[in-house]
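Each remark here refers to the structure printed beneath this line.
The values are calculated or read from the model by the stated rules, or taken from the named source; none is laboratory data. As the structure is a computational prediction, the values presented were derived from the model and not from experiment. Every residue, glycine as well, gets a Cβ built from its backbone with ideal geometry; the counts of neighbours run over all protein chains shown.
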């Protein structure tokens, strides 16, 4: 696994090598929907996701965060974009990446990343998500980070799926985990213990990451948190 070493990913990045170390090594999977599904860590952190991202191109993701929690602890609804400007890396599967994460007053410093084989948008999303979640719950971000890491390693389901891309249906994978379900600190989660993380990947899509979502609802179906990132095909 390539070490994704950069200060912009400090909150989540330190856990990435541990994903590979702690998880059982999966059989090599070269394409989606092979006989044995890959592990969540393999799909999200170990694959050379940027190999099909053309140098000179820009990968754009649409971002949304909104919450129905009284008092608005997550702040006002936010719709913005995350753009990855792609340039050649030192190796064939790697890229140099300049990131524009959000715009105007919402701008978040990120990157640049040099000679990256993996897509940094996964860690950027989780870093941003964990920062807000820790503030709302008045929790240690490391505790939350480790819970998500453990959820991806031990509680994740990986199933084949189809993704509409470039006017056709292509093979992909869906990763789903509920890392805080049954957690010892459930009583301090403000109802967010059902947070569900869903990742969709597809080798045919530039950067392979199609979407990321973190969502939670109360017992009446009210939206406690919806945070998601979606690959923008039109912006390609």
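Name the pairs whose Cβ atoms lie under 7 Å apart, with the first residue in region 91-117 and on the phi > 0 side of the Ramachandran plot, the second loosely packed, with under 15 Cβ neighbours inside 10 Å, and 6 or more positions between them or separate chains?
Filtered contacts from region 91-117: 111/98; 115/90; 115/91.
Just checking, how many residues over region 144-158 are touching a strand residue (DSSP E or B) at 6+ places or on another chain (Cβ under 6 Å) and farther than 15 Å from residue 193 by Cβ?
Result for region 144-158: 4.
Which residues, counting only those in region 55-79, are without any contact (Cβ under 8 Å) to a residue 60 or more places away in the chain and under 20 Å from residue 224 (Cα atoms)?
Passing the criteria: 70, 71, 72, 75, 76, 77, 78, 79.
Residues that are at pLDDT below 95 and out of contact with any strand residue (DSSP E or B) (no Cβ under 6 Å at 6 or more places or on another chain): does region 194-216 have at least one?
Scanning region 194-216, I find no residue that is at pLDDT below 95 and out of contact with any strand residue (DSSP E or B) (no Cβ under 6 Å at 6 or more places or on another chain), so the answer is no.
Identify, from the list 56, 71, the residue that is under 30 Å from residue 221 (Cα atoms) and part of a loop (DSSP other than H, G, I, E, B).
71
On the basis of being loosely packed, with under 14 Cβ neighbours inside 10 Å and in contact (Cβ under 8 Å) with a residue 60 or more places away in the chain, does residue 145 make the cut?
Taking the combined requirement at face value, the residue does not satisfy it.
Does residue 108 meet the test of being within 24 Å of residue 203 (Cβ to Cβ), surrounded by 15 or more Cβ atoms within 10 Å (Cβ to Cβ) and touching a helix residue (DSSP H, G or I) at 6+ places or on another chain (Cβ under 7 Å)?
Against the criterion (within 24 Å of residue 203 (Cβ to Cβ), surrounded by 15 or more Cβ atoms within 10 Å (Cβ to Cβ) and touching a helix residue (DSSP H, G or I) at 6+ places or on another chain (Cβ under 7 Å)), residue 108 does not qualify.
In region 117-133, what residues are in contact with a strand residue (DSSP E or B) (Cβ under 7 Å, 6 or more places away or on another chain) and either modelled with pLDDT under 95 or in a helix (DSSP H, G or I) (or both)?
121, 122, 124, 125, 128, 129
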